[in-house]
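Inspection log for the structure reproduced underneath, given as structure tokens.
No value in this document is a laboratory result; all are computed from the given coordinates. None of these values were measured; they are calculated from a predicted model. FYI the Cβ positions are ideal-geometry reconstructions off the backbone, even for glycines, and counts take in every protein chain you see.
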Amino acid sequence: MAEKEQVHRLVVVDDEDYICSIVKEALSATEGYQVISFSDPRKATEYLEKNHVDLVLTDLVMGDFSGVEILDQALRCHPDCIVILMTAYPTVNNAISVMRRGAYEYLVKPFKLETLRSAVRRGFEHQALTRENLHLKEQVALYKLSEAMGTTTDLESNLALVAETARSIFGGGAISILVNEIPGRPAVPYLVQGKSPDDETESFLLGDHPLCAAALEKMEACFESREIKGRTKRIRSLAAHPLIAQGRSIGLLNFVAEDPFMQIKLGQLHLLSIIAAKVASAIENNRLYNYLQESYLKAITALANAIEARDGYTRGHTDRVTVLAELIARRLDWDDKRLTELKMGCTLHDIGKIAIPDAILNKPGQLTAEEWRCMETHPQLGVKILEGIDFLTPALPYILYHHEKYDGSGYPHRMAGTDIPIEGRLLMVVDTYDAIVSDRPYRKGVAAERAIEELQRYRGRQFDPLIVDILVAVWNEGKIGNLGIYADASDPASESAPARTSGRTESPPPSR
């Protein structure tokens, strides 16, 4: 069965009853419109406030009441409403004034009924085209939003895109996204865009408003629209939409409009529902993504710990290197994202050693040439282990390049200078420092002061001079000793075994 076509609803307002009757008859009987007429303009304004209306026909002068008030009320309550003014006292100024205020047409009495019908038909055609264009714009905006959100997993970026799209669709306004970070606790603001002109609006955007509580409790959109008193009349629309994921509320999408031409209507809440669903999906996907990241990282970290457990001498090496590398990276002004990647890279930098035989890994003496060739494969083996896990990609430079030397004599690619990624150059320095001061199967560790001397000696040859200079600076400031990760780091006078193993006079002891 074909869907029944929606009947247009018209409101006719004229203080002369016979005109109301004639117009109503002409439009309802011959055109099939639903027509409601009012000879009292005040009752018409009340009706407009409470009921959906597609088109308004109003006289311009009705005693002490102006049709301009009807025009303003109609557009305030129904932004896409068609308003046609009728008058027996036309002036150019009046015509220009009402058209500027949003009237669609201006009819001069007396007029033929066919002229009236034609004006109404054109008005509805214009309205249909406007609504279709608006719908297309909304769909394009939502499509672009979905496309953009698919390019990043960053929650902050995605929610900012959502907020911008919502404000674009509704023509402005203010929007906030609140998230229940802890179940059972109030939702907290994650993002707010737009102005808060008064305390009530700000409270609503921050989630401290009865409408917010109602939306969370009912798990459905809550909406109100009312006139705000002030020097100028304005309508404030508030819409609170819960964010639903896995059958539970995880936050709120709040929107405020305070302009009659961008006011949210009940019929537009479906758009908020679509946008709210995208917000909820982004938050839930981010939660799952973080959970998977943490699970992956825990599993890989457990694997890295298992490697250290194979060699009691290197136990704690990963933690020490991570702490020291972060200290240097902060001097390089790395941001939080990069510091997180650094911690991940340092934690996993020796993951490839899982494939190195214990006989080589724990050999108390020096390695043979063949054994060194085997040991030198561990950076590439580490990359092979992790390269299929996307979120661990930032860790790969630490794994692959931390044995490359500044003069090109390192491994696995014999890279030199700044061709070596900064991640590898940084880790090469701190990894070597830890190797020098720590006990190994093949030698005893030395005092931190001796290690600093070794790094300075090979500054610009094996090690990036900038990284060495930073390490020396933090050493001189006592920062390494304050970390508490080395027993003798703050005691330059501490004596131990020679800095270099026998037979290695041209370089510091290699870190395996």
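One table, with the values for the structure above:
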| quantity | calculated |
| --- | --- |
| Residue order, fewest to most beta carbons within 10 Å, for TRP372, TRP475 | TRP372, TRP475 |
| Charge context of ILE19, other residues only, Cβ under 12 angstrom, K/R +1, D/E -1 | -4 |
| Segments 118-131, 323-336, 65-78 sorted - mean Cβ within 10 Å per residue, highest first | 65-78, 323-336, 118-131 |
| Antiparallel content of DSSP bridges confined to region 8-125, in %, to 5 | 10 |
| Lysines with Cα under 25 Å of LYS50, excluding same-chain neighbours fewer than 8 positions away | LYS4, LYS24, LYS218, LYS229, LYS233, LYS265 |
| Likely footprinting exposure, ASP80, ASP17, fewest C-beta neighbours within 10 Å first | ASP17, ASP80 |
| Cα-projected label distance for GLU284 with HIS135, points at 7 Å along beta-carbon direction, nm | 2.8 |
| Descending principal axes extents, region 8-125, alpha-carbon based, whole Å | 34, 31, 28 |
| Region 1-64 - convex hull of alpha carbons, volume per residue in Å³ | 82 |
| Contact order normalised by residue count of region 8-125, Cα under 8 Å, 6+ apart, percent | 23 |
| Cα centroid separation - region 44-64 against region 366-396, whole Å | 78 |
| Highest to lowest packing among 37-47, 93-103, scored as the average C-beta count within 10 Å | 37-47, 93-103 |
| Ranked VAL13, VAL179, criterion: other C-beta atoms within 10 Å, fewest first | VAL179, VAL13 |
